[in-house]
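The values are calculated or read from the model by the stated rules, or taken from the named source; none is laboratory data. Being a predicted model, the structure only gives us computed values, none of them experimental. Note: ideal-geometry Cβ built from the backbone for every residue, glycine included; neighbour counts use all protein chains shown.
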Amino acid sequence: MDFYLDSANLDEICSVSWFPIRGVTTNPTIVAKENRPFLSLMEELIDLKLPQIHAQVLADTTEEMVEEAKMLIRLSPGTIIPKIPVTPAGIHAIWRLAQDGYKITATGVFTVGQGLAAAKSGAQYIAPYINRIDQTGQSGVSMACELKAALETYNLPATILAASVKTLYQLKGLIEGGIQGITVQADFLNQVVYHPLTEQAVEGFTQDWLKTFALRTLDAPVKSRGKE
Ligand code: E4P
């Protein structure tokens, strides 16, 4: 499973440099939060040298989506993957761009049918909104797993990049389903790795070490018996 950060905030992205993310995903809401000119923000994101930046178009007509997608790709070919919402205009734009050989992420996916339509149009990545689907009373994880099965049934090469993932339970379901990628917020990566029993175990190891050794280093001398 590849992890992406759903962020355009440079400090936030740098704060998770301890985790092997494959890239970042953005949308107009995420970019607007940065409150600065889009193109200079993109330049700084590109300078981070992440393997992938999934950046969303803003237009709502096919023609303009295609133009915006090509403009985004030109900023850093091979790194930028345009995100296009699954609307009728978006599906047409994905189809046209895919025919020209461009990789596209289909976003805003809430049903298996939408995901299949995007994959048939040639999208490389499909982004179902897991938590937002849960909020409708459906299961986002089940939908993502059903979509993965449908892509396999119909031999479609698209892979799933699950978006709007908010809970460890959702993550567990996505892992069990073999979902290929997820995009999350920075805090979520801490939640993935943190466990109180891990902290407790490490603390126990340290205390046991210090009962025998004078210092917390692997080349520490043994404490002198006289001082025990
Ligand atoms: C994905 O492409 C979107 O940017 C994002 O994950 C949507 O998630 P949200 O429900 O946190 O807005």
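Going by the structure shown, is residue 107 among the polar types (S, T, N, Q), away from the ligand (no atom under 16 Å from the Cβ) and at pLDDT 95 or above?
On the way: among the polar types (S, T, N, Q): yes; away from the ligand (no atom under 16 Å from the Cβ): no; at pLDDT 95 or above: yes.
No, not satisfied.
From the list 126, 133, which residue is within 12 Å of the ligand (Cβ to nearest atom), assigned by TED's automatic domain parsing to the domain that holds residue 101 and over 29 Å from residue 78 (Cα atoms)? Every option except 133 fails the conditions.
Kindly indicate the residue of segment 39-51 that is touching a strand residue (DSSP E or B) at 6+ places or on another chain (Cβ under 9 Å) and surrounded by fewer than 21 Cβ atoms within 10 Å (Cβ to Cβ) and also nearest to residue 103 (Cα to Cα) among those meeting that condition. Break it down into steps so the answer makes sense when it comes.
Step one: filter segment 39-51 for residues touching a strand residue (DSSP E or B) at 6+ places or on another chain (Cβ under 9 Å), giving 42, 45-46, 48, 50-51.
Cutting the leftovers down to surrounded by fewer than 21 Cβ atoms within 10 Å (Cβ to Cβ) gives us 42, 46, 48, 50-51.
Values: 42: 18, 46: 17, 48: 21, 50: 16, 51: 14 Å.
Of everything passing the filter in segment 39-51, 51 is nearest to residue 103 (Cα to Cα).
Applying the selection to segment 160-178, what residues are away from the ligand (no atom under 14 Å from the Cβ) and either buried (at least 17 other Cβ atoms within 10 Å of the Cβ) or of a type in the set (A, V, I, L, M) (or both)? Residues satisfying the conditions are 168, 173, 175, 177. Against the numbered list (1) within 25 Å of residue 53 (Cα to Cα); (2) in contact with a Leu (Cβ under 7 Å, 6 or more places away or on another chain), residue 150 comes up short only at (1). Cβ separations smaller than 9 Å between residues 6+ apart or across chains give the following pairs from segment 189-202 residues that are in contact (Cβ under 8 Å) with a residue 12 or more places away in the chain to residues that are in a helix (DSSP H, G or I): 191/168; 191/171; 192/168; 192/171.
Would you be able to say whether some residue in segment 145-157 is within 14 Å of the ligand (Cβ to nearest atom) and without any contact (Cβ under 8 Å) to a residue 60 or more places away in the chain?
If we filter segment 145-157 for residues that are within 14 Å of the ligand (Cβ to nearest atom), which is where we start, we get none.
No, there is no match, as no residue in segment 145-157 is within 14 Å of the ligand (Cβ to nearest atom) and without any contact (Cβ under 8 Å) to a residue 60 or more places away in the chain.
From the set of residues in segment 4-38 that are hydroxyl-bearing (Ser, Thr, Tyr) and under 25 Å from residue 126 (Cα atoms), which is surrounded by the most Cβ atoms within 10 Å (Cβ to Cβ)? Reasoning before the result, please.
First, the residues of segment 4-38 that are hydroxyl-bearing (Ser, Thr, Tyr): 4, 7, 15, 17, 25-26, 29.
From what is left, the residues that are under 25 Å from residue 126 (Cα atoms) are 4, 7, 25-26, 29.
Details: 4: 24, 7: 23, 25: 27, 26: 25, 29: 9.
Step by step, filter segment 4-38, then rank; the result is 25.
Set side by side, the residues 151, 197, 218 differ, and just one is buried (at least 18 other Cβ atoms within 10 Å of the Cβ) and of a type outside the set (Lys, Arg), which is 151.
Of everything listed in (1) within 20 Å of the chain's Cα centre (by Cα); (2) buried (at least 24 other Cβ atoms within 10 Å of the Cβ), the single unmet condition for residue 103 is (2).
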